[in-house]
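*Asks:* If you scroll down you'll find the structure; I have some questions about it.
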Amino acid sequence: MLKVEHLSMVYPDGTIALRDVSFEVKEGEFLGIIGLSGSGKSTLLRCINRLLEPSEGKIIWNGRDITHIDQSELRMVRREIGMVFQQFNLVKRSSVMVNVLSGRLGYTPPSWSLINRFSRADRALAVAALERVGIADKANNRADELSGGQQQRVGIARALMQQPKMILADEPVASLDPVLSHSILGYLEKLNKEDNITVLCSLHFLDLVQRYSTRVIGLRSGKLVFEGGKKDIAEISDSRFKEIYGEEAQRLGVE
Amino acid sequence: MTKGIAAPRPSLLHGILSLLVPGLGQFVVGARGRGSAIFASVVVLGGLSAWTISQKARFPDFSLSFVIFAKLVFATGLLLLFLVALRALVSRFILRDASLEAFSAYGMGILYFLALVVAGNQILATAGSAEQLAFVFGGTALFAAGSLAALWLWNVADAARIGGAGLGGHLPSLALPILLVCLLVFSLGYNITRVDLPKAITEYQDISILLPRILWPWRAAFAYDQEVVEETQLIQAPCPDGAIGPPSNEPQAGEPWISATPTCGEVGVRAITGGFEPGTLLTITGGGFVPGQTVNILWKNPIGNAFRPRGVGETEILINENGEFTSQLNIPDVVIPEATASGDQIHTLVVRQEDVEVFGWRFSDDMKLALVGMLETIMMGLMATFFGMILAFPISFLAARNLMAPIVSPLNGIVGGIVGLVAGIWLGSELAGRAAEALGGLANAPIQIFLIGAVLVIGLGYAGLTLAGRLFALMLERLGGAANDTISAILLAAMIAVPGYFLGRGFSRGVMSIVQGADIAAINEQNFAYAGAILLAVLTLLYAFRNRGGRGIPIGSIIYTTTRTILNILRSVEALIYAIIFAIWVGLGPFAGMLALTLHTVASLAKLYSEAIESIEPGPLEALNATGATRLQTIVYAVIPQILPPAISFTVYRWDINVRMSTIIGFVGGGGIGFIMLQWQRLYQWELVGIAVWLIAITVATLDYVSAEIRERTI
């Protein structure tokens, strides 16, 4: 479904964020991406939907090279790929409903959406999405009145509005406490299993990766240093671990 | 003050270098920035001081004042050196320990200052005639020179110290020289702004009469109902033999009356030589008038002309508490015209009381005028804010770096876009012209035509920009390969050549005609125009080829920079100055003021809005981008909700400023209260000026409060 080939990314200030990363994602996978902060996880996810322009390499989405397509075509691709963020990235002053509906903008004719008009079907879809993440009763609250976990659920509902084939989740639980982490990842897992939405999710904690991913890739200083299935993660040796997380890292939280 | 145990020996060489050229010693040691700063300060401030003296004294040439100032610096420098030496001697021989200091650096400073005050005239005398110099620039030049001398000497000491110690340690503090520079600038400022404190005290009386009227002007704000009572008594004059004159009036009960005796007499005679013989003395009594107020006595001659008799008795009489009065009056000199000189001459004595009813007050016409002016002012501010807000809002997006910087367009898109934009605007204005004709001309339906025109021009321009950009890119894609980049580059160069042509022509008209004279420049005008076109075209080509295959042209950044520059220029000119221009353009009155304020408001609100946009959280923007929303959609859903509170706050604040500005914009013909106030001021109607001042103060203070409240609530 998604193929990343020899992807490299150099920021304008010269920081090399990704070096020659290649991997493939099959439909229905829950791909965990592990690595330290600054290892390039976020950059990788943002290169996939071209929020960041990669410097080299190819991104192939459903057999089509999308690395250089123009803005209008890119929008068509982006609306098939939902995204969930570490900081939720909700518009705090807008209502939960508007935040969720804004996930539908890629499908709405611009002129209508500019005056805040969404079709009945879109509104129904938004209610359904909110129900799915269990916060339909908060639809008219302002986004910043919600707790962190609830905000992230709004974020997921917004991604759901795109009726996506794939969801990119950039550290979706890093700003939440561990109990909520399972709840949020549980929703992603549900979408993955029930709706067959492919999920790419970057995570900090190995136990979370073990619990939720079907496959894992590991990044270190922008390089792909690990790739393996669920079993491989469980059997990561200390030396392997240090390869991914660096010499000074300590294992922690592994069951 | 801490003293190093082994303080390095100061370097004489560097000290001398800095004595000759300030800052040179430091520069040689390697403290380049410090050296240059010292040099620049001494040269600029010294030059400015000398120039100020020459301007004040109206010396015919600059060098004279320069010499005088140099002498002053030298003299004060010697004074300071003397004090420094004194301090060293006292430390050495009286305290008998070189490491002890006679007094601190601050003590030195105070001593130096006192010495300048005490020996001021003597020092001035060394530079020129003390009286003349003192008259021209008082003590300020002395202190300017003294500060400069101290700065210079500090610089020598500093160079010697740095030269001895090298750059290894950290450099000595700059607090002292900065203080000296401030002192110097202060003395110059004191001189240039002509501070004259005694004047503020001795000439207070000039304002003391006006001030109460300005501060408490309300008498002029009201008018009162008046009742005029006029009672008459007929008098015959001259009085022929046997005539008895008209009858004397009888007293009346309950209503005003007057009576006079006798009622027949002789008129006064004014001789050509200047003597005056008054006429018969009349005794006037009256009653039934309003007590406590005055009555006026008038004389009406036989043909009915009334005047106030002069020099024949009281004409303004106070009524007693019973409403009565008694007075005496000689019959004035009345020239009786020949034509009517026959028969009995019957004059009329008039007693007139203007009864002012205090409780029947209403606003005076002037007050009404002031209120109308104030309303005009408030509305002017309001309209300017409204239009400014509407125009500034879209512009602010172009001036927001975070929105514009990511916009990068391939060359093809830009070429097509420019063509489309120009074509769209042209088409839009053509259609707007047709629409205007259909609606019966601009004068007939101005608002409709403006709105239709704006919609057509902006809409079609935007449509052209996007459509043509895409179309052209598609067309070239068909051609494929490297060819399309080349074609776009050439087309872009050709397009840029057009403004290049006009820039070249402008250069010829604006610069070359000044340098060469208008005639020669006119001959070469075409050449410059073509040169400009070719130059810009070539530069564009070079740029396009260098960026070939890159990420495209950072058109967003280019638009951002251009917009910001224009806004900055517009904002740096005050609305008052725009008002001068618009008052000529559209005539005196509030419209000119409103336009001026609008222009300034657009510039400043656009900047404030764009700063609000720049400080939004980028997260939601990114999130919406990721959903596949268009740029306009992300703006509506992610940007506007975030900037709304600060934008409201800024707008209200600007409204506050605009009303404040519009009170004085009338001074240059912009209408409103200022316009009226200026006229009153020129007529020396100080009470009316006072009313205007009060109204302005009340309005601005109210608005200040209201706007603060609104702003507090929106954030």
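*Asks:* Which number comes out as Rg/Rh for the protein assembly as shown once both Rg and the Kirkwood Rh are worked out on C-alpha atoms?
*Replies:* 1.15
*Asks:* Given a Förster distance of 45 angstrom, what is the FRET efficiency for B:A200 paired with B:V538, based on the Cβ-Cβ distance and rounded to 0.05?
*Replies:* That pair, B:A200 with B:V538, gives E of 0.10.
*Asks:* Going by C-beta contacts inside 10 Å, put B:D519, B:D241, A:D70 in order with the fewest on the left. Please list the in-between numbers first.
*Replies:* On the way: B:D519 8, B:D241 4, A:D70 13.
If I rank by nearby Cβ atoms, fewest first, I get B:D241, B:D519, A:D70.
*Asks:* Here's another thing I want to ask about it. With the Cα gyration tensor of region B:391-535 giving a ≥ b ≥ c as the square roots of its eigenvalues, does the rule (a/c under 1.5 for rounded; else a/b larger than b/c for prolate; else oblate) give rounded, prolate or oblate?
*Replies:* oblate
*Asks:* Roughly what would the spin-label model give for B:T702 and A:A234, points 7 Å off Cα along C-beta, in nm?
*Replies:* So the two model labels end up 7.9 nm from each other.
*Asks:* Next up: Could you list B:T634, A:T108, B:T601, B:T385 so that the one with the fewest beta carbons within 10 Å of its beta carbon is first and the one with the most is last? Provide the component values of the computation, followed by the final result.
*Replies:* Numbers: B:T634 22, A:T108 19, B:T601 28, B:T385 25.
Result, fewest neighbours first: A:T108, B:T634, B:T385, B:T601.
*Asks:* Only Cα pairs under 8 Å and at least 6 apart count here; give the relative contact order of chain B as a rounded whole percent.
*Replies:* In percent, rounded to a whole number, it is 12.
*Asks:* Give me the dipole magnitude in Debye, nearest 20, for the protein assembly as shown about the Cα centre, with unit charges on the beta carbon: positive for Lys and Arg, negative for Asp and Glu.
*Replies:* In total the dipole reaches around 5160 debye.
*Asks:* How large is ³J(HN,Hα), in whole Hz, for each residue of region B:663-680 in order, when computed from phi with the Karplus curve 6.51 cos²θ - 1.76 cosθ + 1.60 and θ = phi - 60°, using x for Gly and Pro?
*Replies:* 5, 9, 5, x, 4, 10, x, x, x, x, 5, x, 4, 5, 4, 4, 5, 4
*Asks:* Once you keep just the Cα pairs under 8 angstrom separated by 6 or more residues, what percentage relative contact order results for chain A?
*Replies:* 27
*Asks:* Cα centroid distance between region B:172-193 and region B:616-666, in Å?
*Replies:* Between the Cα centre of region B:172-193 and that of region B:616-666, the gap is 43 Å.
*Asks:* Here's a follow-up. About its Cα centre, what dipole magnitude does chain B give when the only charges are +1 on Lys and Arg Cβ and -1 on Asp and Glu Cβ, stated in debye to the nearest 20?
*Replies:* 5320
*Asks:* Would you kindly state how much longer the chain becomes between B:Q226 and B:L167 on full extension, computed as 0.36 nm times their sequence separation minus their alpha carbon distance, in nm to one decimal?
*Replies:* Result for the pair: 12.3 nm of gain on full extension.
*Asks:* Could you state the number of Å between the C-alpha centres of region B:228-283 and region B:357-372?
*Replies:* 40
*Asks:* Could I ask something else about it? Among B:V28, B:V269, what is the fewest-to-most ranking by other Cβ atoms within 10 Å?
*Replies:* In increasing order of surrounding Cβ atoms, one gets B:V269, B:V28.
*Asks:* Using helices alone, I'd like the mean residue ellipticity at 222 nm for chain B: each DSSP H run of four-plus residues gives -39500 (n - 2.57), total over residue count, nearest 500. Present the calculation step by step, with values, prior to reporting the outcome.
*Replies:* On the way: 26 runs with 446 residues, N = 715.
That comes out to -21000 deg cm²/dmol.
*Asks:* So for the protein assembly as shown, taking the charge dipole from beta-carbon charges (+1 Lys/Arg, -1 Asp/Glu), which of B:A384, B:L570, A:Q152 sits furthest toward the positive end?
*Replies:* Value computed over the given set: A:Q152.
*Asks:* Each residue of region B:631-645 in turn: what ³J(HN,Hα) in whole Hz from Karplus with 6.51, -1.76, 1.60 and θ = phi - 60°, glycine and Pro shown as x?
*Replies:* 4, 4, 5, 5, 5, 5, 8, 10, 8, 4, x, 6, 8, 4, x
*Asks:* Now for a different question. Could you compute the FRET efficiency for B:L479 and A:S147, with r as their C-beta to C-beta distance and R0 at 60 Å, rounded to 0.05? Let's see the in-between values first.
*Replies:* Details: r = 57 Å, r/R0 = 0.95.
The formula returns an efficiency of 0.60 here.
*Asks:* Further question on the same structure: Multiply the residue gap between B:A463 and B:E437 by 0.36 nm, knock off their C-alpha separation, and tell me the result in nm, one decimal place.
*Replies:* Contour length minus the Cα-Cα distance gives 7.0 nm.
*Asks:* Same structure, new question: How high is the FRET efficiency from A:T15 to A:A121, r the C-beta distance, R0 35 Å, rounded to 0.05?
*Replies:* According to the calculation, E is roughly 0.20.
*Asks:* Further, regarding this structure: Quick one: dipole size for chain A, taken about the Cα centre, charges +1 on Lys/Arg Cβ and -1 on Asp/Glu Cβ, in debye to the nearest 20.
*Replies:* On the way: 34 positive and 32 negative charges, 177 e Å.
With Lys and Arg at +1 and Asp and Glu at -1, about 840 debye.
*Asks:* With θ set to phi - 60° and the Karplus curve 6.51 cos²θ - 1.76 cosθ + 1.60, what are the ³J(HN,Hα) couplings of region B:69-81 in order, to the nearest whole Hz, using x for Gly and Pro?
*Replies:* After applying 6.51 cos²θ - 1.76 cosθ + 1.60, I find 5, 4, 4, 4, 4, 4, 4, 5, x, 4, 4, 5, 4 Hz.
*Asks:* Now a separate question. Evaluate the distance, in nm, between pseudo-label points positioned 7 Å from the Cα of B:L64 and of B:L89 along their respective Cα→Cβ axes.
*Replies:* Between B:L64 and B:L89, the simple spin-label model gives 3.9 nm.
*Asks:* With label points built 7 Å along Cα→Cβ from the Cα atoms of B:A105 and B:V573, find their separation and express it in nm.
*Replies:* That separation, rounded to one decimal, is 4.8 nm.
*Asks:* Determine, at each q value in 0.14, 0.20, 0.21 (inverse angstroms), the log₁₀ of I(q)/I(0) that the Debye formula gives when each Cα of region A:90-163 is one equal point scatterer.
*Replies:* -0.36, -0.74, -0.81
*Asks:* A:H6 label point, 7 Å along Cα→Cβ, cut-off 11 Å on backbone N: hits in region A:48-62?
*Replies:* Flagged as within label range: A:56-58.
*Asks:* So which of A:K26/A:K190; A:K3/A:K92; A:K3/A:K230; A:K41/A:K138; A:K3/A:K165; A:K41/B:K607 end up more than 25 Å apart by C-alpha? Walk me through the intermediate numbers first.
*Replies:* Working: A:K26/A:K190 17 Å; A:K3/A:K92 35 Å; A:K3/A:K230 20 Å; A:K41/A:K138 32 Å; A:K3/A:K165 14 Å; A:K41/B:K607 37 Å.
From A:K26/A:K190; A:K3/A:K92; A:K3/A:K230; A:K41/A:K138; A:K3/A:K165; A:K41/B:K607, over 25 Å: A:K3/A:K92; A:K41/A:K138; A:K41/B:K607.
*Asks:* Rounded to two decimals, what ratio of Rg to Rh does chain B give with C-alpha atoms and a Kirkwood Rh?
*Replies:* 1.16
*Asks:* Would you please give the residues with an amide H less than 5 Å from that of A:F226, counting only those at least 5 places away or on a separate chain, with H modeled from the backbone geometry?
*Replies:* Close amide H contacts, sequence-distant or interchain: A:G218.
Where a number appears in this text, it was derived from the coordinates with a stated rule and is not lab data. None of the values given here were measured: they were computed from a predicted structure. For neighbour counting, all protein chains shown are included, and Cβ atoms are generated from backbone atoms with ideal geometry for every residue, glycine included.
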